[in-house]
Amino acid sequence: MTATAAEHDSVTTPHPQRWVILGVICLAELTVLLDNTVLNVAIPSLTRDLHASTADIQWMINAYSLVQSGLLLTAGSSADRYGRKKMLIAGLALFGAGSLVAGLAQSTAQLIAARAGMGVGGALLMTTTLAVVVQIFDDTERVRAIGLWSTVNSLGFAVGPLIGGVLLDHFWWGAIFLINIPVAVVALFAVVTLVPESKNPSGDRPDLLGALLSTVGMTAVVYAIISGPDHGWASTHVAVSAGVGLVFLAVFVAWELHIPFPMLDMHFFRNQRFVGAVAGAILVAFGMGGSLFLLTQHLQFVLGYGPLAAGLRTAPMALTIVVLNLTGLSARLLPRLGTPATIATGMAALAAGLAAIALLGGDSYPGMLLGLVVMGAGIAFAMPAMANAIMSAIPPEKAGVGAGVNGTLAEFGNGLGVAVLGAVLNSRFAGLLPAALGAASLPAALAAADGPGERGRVADAFASGLQTSQLVGAAAVLAGGLLAAVLLRRAERADVRVAAA
């Protein structure tokens, strides 16, 4: 049997050590995800030890997510062409080396550059881990495997600040990066030993211009989303970045439609199953990213918890996701209900959780706890089903591109959730403030308030803005779930008609 044939067979034949491999790549994925949030708790230490300015801190945080999100499609395409195992090894090596440089950095410039290098490794890891899952599991086990992969996604965002806080209580700030190195080394050894190689057997030509256009376009759009809250959504800074990004992405689409070997086949978007899953994936990320952005403010500014206590109180959502996916409940639900109904059920639960937090959690934590658990259940049901629908709608030889699309949607949805729900919050808050205080942030408005009565009105205005934005998020998620379910149901009926003919 030729190497190409063997690689192609690995797409459909379950690997005998697939669950061990899944554990290894989930460990690598968790490390990548932790670095999206772990740096936030080290900001005071970095400001003191490296004399970092506010702009330096922003670039330290954003360099990682900016490079990672901008390269996701390119990384997925490279994995399909050159081999997913090779790209997984390269990603681990780059991530480990970047972590070493970051942990030993002596200046802000060194740390920013190291974080950017870690972002390159992170992009390769995020796309190849999901692509490998699709390769080594067959249809009967793939949904559960993707569910466990999705669980690690949720867990990484939730526990990053907690792990960072524990490390900083005992070590200096470099420890949050150096702890990645032994994990990367173990994962690298396991990948070399266990993971089978697989790649696109047709060997498409490299689409270098498409890779450049998509990387620049995605990076510029994500940068606009990241910088919006600081510079203002109507500012020239944000408008120029968003405009450049959209122009590059429009040229990317036109180029991909023109060439015979596109990096991302735009004909995928004619597939109703793919479009339905895409719509649902964006809105699940929208609800999750936007709600966590609002929840941390709600817990700290309205209910009065400190940063660590607030982080601990958001953990029930992640724990619910972990429990439901580890027990396999969400994977067992999918064959019984079908993909459209599972996604609709999950997103309805996510919307109900957001609404419960808005209506019951305004003044106390117990109401919020109920909403968090319901949200976690919704995400546990909807997210694996949608990831599976996206990957199922794309040919197995394009699994890396499919994983890149999935990761890009998550980044876009998260940013969109923060931007839209944050804008609703700010608009409502400014509208309810006493006229003398103006449209300020909550801390600034409280500082300008004259007396306890006025401070109480400011706090009430902020709580009302939070409630409104959470209800808007709930409505958007529910509508997205219904839209995704309708499109997926139509696609299934169309497949049945084609099969019957």
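The values are calculated or read from the model by the stated rules, or taken from the named source; none is laboratory data. Source: prediction; values computed, not measured. Cβ atoms come from the backbone with ideal geometry, glycine included; neighbour counts cover every protein chain shown. For accessibility, only protein heavy atoms count, side chains too; no ligands or nucleic acids. Shrake-Rupley method; radii C 1.70, N 1.55, O 1.52, S 1.80 Å.
Miscellaneous remarks
- Matching entry among Ala445, Ala461, Ala474, Ala436 (being assigned to a helix (DSSP H, G or I), modelled with pLDDT under 80, within 19 Å of Gly362 (Cβ to Cβ) and hydrophobic (A, V, I, L, M, F, W, C)): Ala445
- Selection status of Ala309, under 19 Å from the mean Cα position of the chain (by Cα), surrounded by fewer than 18 Cβ atoms within 10 Å (Cβ to Cβ) and over 24 Å from Lys398 (Cβ atoms): no
- Those residues of region 384-426 which are within 19 Å of Gly287 (Cα to Cα) and either among the acidic types (Asp, Glu) or not in a helix (DSSP H, G or I) (or both), in sequence order: Glu411
- Hits in region 326-341 (condition: out of contact with any Leu (no Cβ under 6 Å at 6 or more places or on another chain) and not small (Gly, Ala, Ser)): Leu326, Thr327, Leu329, Arg332, Leu333, Leu334, Pro335, Arg336, Leu337
- For Tyr64: the one exception among (1) at pLDDT below 75; (2) touching a Leu at 6+ places or on another chain (Cβ under 9 Å): (1)
- Criterion: surrounded by fewer than 23 Cβ atoms within 10 Å (Cβ to Cβ) and among the hydroxyl-bearing types (Ser, Thr, Tyr) - qualifying residue of Thr151, Thr108, Thr128: Thr108
- Residue selected from region 40-61 under the condition of a type outside the set (A, V, I, L, M) and under 20 Å from the mean Cα position of the chain (by Cα), by the criterion modelled with the highest pLDDT: Trp59
- So Gly121, is it at pLDDT 80 or above, open to solvent by less than 10 Å² (accessible area, probe 1.4 Å) and in a helix (DSSP H, G or I): yes
- Look at (1) farther than 25 Å from Ala341 by Cα; (2) modelled with pLDDT under 75; (3) open to solvent by 50 Å² or more (accessible area, probe 1.4 Å) and you find that Gly400 fails only one, number (3).
- Residue check for Ala277: surrounded by 14 or more Cβ atoms within 10 Å (Cβ to Cβ) and free of Cβ contacts under 8 Å to residues at least 40 places away in the same chain: no
Condition check ((1) at pLDDT below 65; (2) charged (D, E, K, R); (3) more than 28 Å from the chain's Cα centre (by Cα)) across all residues:
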position: Glu7; (1), (2), (3): yes, yes, yes
position: Thr13; (1), (2), (3): yes, no, yes
position: Trp19; (1), (2), (3): no, no, no
position: Glu29; (1), (2), (3): no, yes, no
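- Hey, Leu350 among the hydrophobic types (A, V, I, L, M, F, W, C), at pLDDT 85 or above and open to solvent by 30 Å² or more (accessible area, probe 1.4 Å) or not: no
- Test: Ala220 is of a type outside the set (Lys, Arg) and within 17 Å of Val420 (Cα to Cα): no
- For Gly174, the criteria (1) farther than 26 Å from Thr296 by Cβ; (2) open to solvent by less than 40 Å² (accessible area, probe 1.4 Å); (3) over 19 Å from the mean Cα position of the chain (by Cα); (4) not hydrophobic (A, V, I, L, M, F, W, C) hold in every case but one, which is (1).
- Selection status of Gly456, modelled with pLDDT under 80 and on the phi < 0 side of the Ramachandran plot: yes
- Positions within region 341-383 being of a type in the set (A, V, I, L, M), closer than 15 Å to Leu283 by Cβ and without any contact (Cβ under 8 Å) to a residue 60 or more places away in the chain, in sequence order: Ala349
- If you go through region 70-105 and keep only what is modelled with pLDDT under 85, buried (at least 24 other Cβ atoms within 10 Å of the Cβ) and either of a type in the set (Ser, Thr, Tyr) or within 26 Å of Thr47 (Cα to Cα) (or both), you end up with Thr74, Ser77, Ser78.
- Any hit, region 330-337, residues being under 30 Å from Asp139 (Cα atoms), under 23 Å from the mean Cα position of the chain (by Cα) and of a type outside the set (A, V, I, L, M, F, W, C): yes
- Some residue of region 223-231 being of a type in the set (Phe, Trp, Tyr), surrounded by fewer than 15 Cβ atoms within 10 Å (Cβ to Cβ) and modelled with pLDDT of 75 or more: no
- A residue that is in contact (Cβ under 8 Å) with a residue 60 or more places away in the chain, open to solvent by 70 Å² or more (accessible area, probe 1.4 Å), farther than 29 Å from Ser77 by Cβ and among the hydrophobic types (A, V, I, L, M, F, W, C) occurs nowhere in region 234-257.
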